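Visitor: Can you read through this structure? Questions will come right after.
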Amino acid sequence: MAQREPLYLRIAEEIEARIRSGDLRPGERLPSIRQIADRWSVAIATATRVVATLREDGLAETKVGSGTVVSSSPGRPRPTGRAKAPARPPTGSGGAKQGLSREHLLRTAIGIADVEGGDAVSMRRVAAELGVGPMSLYRHIANKDDLVTQMADLVFGEAELPDPGPAGWRAKLELVARRQWALCWRHLWLPQAVSFTRPSLAPNMMVHTEWILRALDGLGLPLRTRMQEALALHSLVLHVALSTADEAEAVQETGVTLARWLQAQQARTEELFASGRFPLLAQVHEETAPDLDELFEYSLARHLDGFAILVGER
């Protein structure tokens, strides 16, 4: 029996069909994550993967002040059968017979985290997926913390950083921030796997930091200031992305989608706004729904505006 296409891909294809037909034209705003979750009655994590798929296919892009819009030049449709979810490594004795490599182990763990959340990953769970004994993992991984660190490092390696990159420090910082943002969309568990107080010596993560330090070279800034900016930029991306991760975790734990949760809160919300204590918030609530893409772009733009003042003072 043919495997049915994942729901997030079917939704992405529906939106793609509207783009190809001209119903959604270049520059027009696409449905937000919340709108997708509400319209198709899916979890926020599923809606997030829909938007990430449209981005990866070159059909969507982000613009400051507009959120996620149809790309100015949508790419060609992918061939039929394009959107099969990556197959997980074979389980049972077949997986064991193939031998266990470190990357095979990490890819399996990443696949579990992408579908079930970061908390679902454990040495025992990964071993069961691979069809091997838990002790066999310790040839490659020291413990659960080491596993998560290496998963995050492998994921950071997915983002290509060009050399030398676009002209100008601001364009470079925008590029690296948006590539990290895209990683967080594809891997909702990633923001929770990165620590600023106990940073890991993870080569692919270090590549991103080194790239930012080089991007700020020649501005007359001390190396310590450049390092602070690299950490601040990482923090901005991961902090906004945590909201998406938290929502996905809430859905996993409660089984209640964002749309259903908002519906349950409607009476309390209307009561608060009817009191007249929050007239501006009431107006904003009626006019727009939160859009994490838009929040990220706004936060990035204002952060870089502030850093430009520092650069100008130098």
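Visitor: Leu216 fails exactly one of the following numbered conditions: (1) out of contact with any Asp or Glu (no Cβ under 7 Å at 6 or more places or on another chain); (2) at pLDDT 90 or above. What is the number of that condition?
Guide: (1)
Visitor: Mind checking which residues of segment 16-33 are in contact with a helix residue (DSSP H, G or I) (Cβ under 6 Å, 6 or more places away or on another chain) and under 26 Å from Trp261 (Cβ atoms)?
Guide: Scanning segment 16-33 gives a single hit, Ile33.
Visitor: Pull out all pairs, ordered by first then second residue, where Cβ-Cβ is under 8 Å, the residues are six or more apart or on different chains, the first lies in segment 184-203 and is more than 11 Å from Leu242 (Cα to Cα) and modelled with pLDDT of 80 or more, and the second is of a type outside the set (S, T, N, Q) and assigned to a loop (DSSP other than H, G, I, E, B).
Guide: Every condition considered, the pairs that remain are Arg186/Glu158.
Visitor: List the helices (runs of 4 or more DSSP H) that sit entirely inside segment 1-102 and contain at least 3 residues that are at pLDDT 55 or above and surrounded by fewer than 20 Cβ atoms within 10 Å (Cβ to Cβ).
Guide: Those helices (runs of 4 or more DSSP H) span 7-21, 33-39.
Visitor: Okay, next question. Go through segment 177-198 residue by residue and tally those that are closer than 17 Å to Ala52 by Cα, open to solvent by less than 50 Å² (accessible area, probe 1.4 Å) and either of a type outside the set (Gly, Ala, Ser) or touching an Asp or Glu at 6+ places or on another chain (Cβ under 9 Å) (or both).
Guide: 11
The values are calculated or read from the model by the stated rules, or taken from the named source; none is laboratory data. Fair warning: this is a prediction, and the values are worked out from it, not measured in the lab. Quick reminder, even Gly has a Cβ in these numbers, built from the backbone with ideal geometry, and neighbours come from all protein chains shown. The accessibility values were calculated without ligands, DNA or RNA, using every heavy atom of the protein model including side chains. Shrake-Rupley method; radii C 1.70, N 1.55, O 1.52, S 1.80 Å.
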